[in-house]
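Have a look at the structure below, then the notes.
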């Protein structure tokens, strides 16, 4: 069940194809406008018949990556998934881990985005968590079931970027942190070993 929640959650950013709506009381702030803009661009690609054929799969995937990736702060997600041991990473290790983490998410979920099957997303609320964090709540309807979902965004430069997705009260980042905890919370964590395992797994999944 958890795996299904995660797949719905990370995919939901671009699964607003049938009905992307906001409640009348929800004003479109900068964060919400940017999120909606990303959705609209992805929708245009997914609906374009020019990219629907099997021979266009790689072209369409590259276009989706170019649209979706800038909306996520993958480095912050990677850092949060590691927690305190992040301070033990060298700058080079942080960079390689972040890339491997992003690739891991892509291998798991981008294909699900491309297999859109009628999900609906309704943005329902926007809550300023702090001066630097905004939470945008939504409801996802997938195959007759409803899921409560929230995006946490923070400003970076002149944009609002997603750094966590919360599905039915469970954080995607926290879920990954629990997975990395046993590997990286030792007194002398094998950072290189963890990065190598992630890279090897990503290579295997891409074959």
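Just a few scattered comments:
- For the range 57-66, a tally of residues being buried (at least 18 other Cβ atoms within 10 Å of the Cβ) and either at pLDDT 90 or above or within 13 Å of residue 102 (Cβ to Cβ) (or both) returns 1.
- For the range 180-200, taking the residues that are surrounded by fewer than 16 Cβ atoms within 10 Å (Cβ to Cβ) and in contact (Cβ under 8 Å) with a residue 40 or more places away in the chain, the one that is farthest from residue 84 (Cα to Cα) is identified as 192.
- Residue match in the range 141-155 (condition: surrounded by fewer than 18 Cβ atoms within 10 Å (Cβ to Cβ), assigned to a strand (DSSP E or B), at pLDDT 90 or above and touching a strand residue (DSSP E or B) at 6+ places or on another chain (Cβ under 9 Å)): yes
- Members of the range 158-170 that are at pLDDT below 90 and either assigned to a strand (DSSP E or B) or under 15 Å from residue 74 (Cβ atoms) (or both): 165, 166, 167, 170
- Number of positions in the range 126-141 that are touching a helix residue (DSSP H, G or I) at 6+ places or on another chain (Cβ under 6 Å) and over 13 Å from residue 29 (Cβ atoms): 1
- Leading residue by the ranking (nearest to residue 48 (Cα to Cα)) among those in the range 68-77 that are surrounded by 17 or more Cβ atoms within 10 Å (Cβ to Cβ) and at pLDDT 90 or above: 71
- Residue 161 being within 16 Å of residue 98 (Cα to Cα) and in contact with a strand residue (DSSP E or B) (Cβ under 9 Å, 6 or more places away or on another chain): yes
- Sub-9 Å Cβ pairs linking a first residue in the range 155-175 that is in contact (Cβ under 8 Å) with a residue 40 or more places away in the chain and on the phi > 0 side of the Ramachandran plot to a second residue that is in a strand (DSSP E or B) and surrounded by 14 or more Cβ atoms within 10 Å (Cβ to Cβ), at least 6 apart or interchain, are 168/147; 168/149, ordered by first then second residue.
- Residue within the range 1-10 that is over 20 Å from residue 137 (Cβ atoms) and either more than 16 Å from the chain's Cα centre (by Cα) or modelled with pLDDT of 85 or more (or both) present: yes
The values are calculated or read from the model by the stated rules, or taken from the named source; none is laboratory data. Owing to the predicted nature of the structure, the values given are computational and were not obtained by experimental measurement. Cβ coordinates were reconstructed from backbone atoms using ideal geometry, including for glycine residues, and neighbour counts include every protein chain displayed.
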